[in-house]
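Step one of this worksheet: look at the structure below.
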Amino acid sequence: MRIGTYDALPSGLAEQVAGLEAQAWPGSSPGHDPALAPRAVLLLDADGRVAACLALLHKPVRLADGRTYHAAGLSGVVTRADVRGRGYGGRLVAAARALLAADPGVDLALFSCDPELVPFYEAAGFEVLPGTVLVGGTPADPLATDAPGLDKTVLGAFFARGAGAADDEGRADRVRAAFTGIRVPLYPGTIDRLW
């Protein structure tokens, strides 16, 4: 497993990540908005090539009640075509969740996916947030996960802090409740429109 900022990836690995993203999302621009503090998480195969990769993006999210939470999102999750079905993607996503859970600066993870991918992400420890809609893009040009024809499912993970004290677990439950069944004003910008 290799973790780092996109601008610090060795050129060979950065080129492999850009190539995987271009194959998965033809016509999209490579990379992520630097304002979202992107971190690359890579799973390398035995030959040192990128077998799977994803980006962790970070942003404070202020809810209508005035509280601000530090959210992270998964973006650009892709496995190299010739090694799909070997568990690389699942290992990578589970490792990313563990990284976020260990980060004291992250309250929760939020992202959306196509409905058929929900079991894949649930197996890595994420949960469906019933009725939750992510509103991405910008306030002037929003993109919501419930937009006609988009049909995305929102998933999340909520992290307790400290040594597992009851209050910490209660905090994770309170954050889960705050983000369930609402429209989340994510607004990550024009590059990573829904992360």
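The values are calculated or read from the model by the stated rules, or taken from the named source; none is laboratory data. All values reported here derive from a predicted model rather than from experimental measurement. Positions of Cβ are generated from backbone atoms using ideal geometry, with glycine treated the same way; all protein chains shown enter the neighbour counts. Accessible surface areas use protein heavy atoms only, side chains included; no ligands, DNA or RNA. Shrake-Rupley method; radii C 1.70, N 1.55, O 1.52, S 1.80 Å.
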Quick test of your reading of the structure: V78 fulfils all but one of (1) touching an Asp or Glu at 6+ places or on another chain (Cβ under 9 Å); (2) more than 13 Å from F120 (Cα to Cα). Name the failing condition by number. (2)
Pair list, Cβ under 6 Å, 6 or more apart: segment 123-144 residue in contact (Cβ under 8 Å) with a residue 60 or more places away in the chain, other residue open to solvent by less than 40 Å² (accessible area, probe 1.4 Å) and β-branched (V, I, T): L134/T145; L134/V154; L134/V184
Out of segment 34-59, which residues are under 12 Å from Q16 (Cα atoms), open to solvent by 40 Å² or more (accessible area, probe 1.4 Å) and outside any strand (DSSP E or B)? R49
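May I ask you to list the residues in segment 5-33 that are within 24 Å of G137 (Cα to Cα), open to solvent by 90 Å² or more (accessible area, probe 1.4 Å) and among the charged types (D, E, K, R)?
Selection gives D7 alone.
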Check R84 against each of (1) more than 14 Å from the chain's Cα centre (by Cα); (2) free of Cβ contacts under 8 Å to residues at least 12 places away in the same chain; (3) closer than 25 Å to F179 by Cα and name the one condition it does not meet. (3)
Being outside any strand (DSSP E or B), within 13 Å of D192 (Cβ to Cβ) and touching a strand residue (DSSP E or B) at 6+ places or on another chain (Cβ under 8 Å), is that true of even one residue in segment 114-133? no
Does A18 meet the test of being in contact with a Gly (Cβ under 8 Å, 6 or more places away or on another chain) and without any contact (Cβ under 8 Å) to a residue 24 or more places away in the chain? yes
Among the residues of segment 60-71, how many are open to solvent by 30 Å² or more (accessible area, probe 1.4 Å), in contact with a strand residue (DSSP E or B) (Cβ under 9 Å, 6 or more places away or on another chain) and either modelled with pLDDT under 95 or assigned to a loop (DSSP other than H, G, I, E, B) (or both)? 1
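Name the residues in segment 149-174 that are at pLDDT 95 or above and either open to solvent by 80 Å² or more (accessible area, probe 1.4 Å) or of a type outside the set (G, A, S) (or both), would you?
The first filter runs over segment 149-174 and keeps only residues at pLDDT 95 or above, leaving 152-158.
Selection gives K152, T153, V154, L155, F158.
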Would you be able to say whether some residue in segment 90-105 is open to solvent by less than 10 Å² (accessible area, probe 1.4 Å), more than 20 Å from V184 (Cβ to Cβ), assigned to a helix (DSSP H, G or I) and modelled with pLDDT of 95 or more? yes
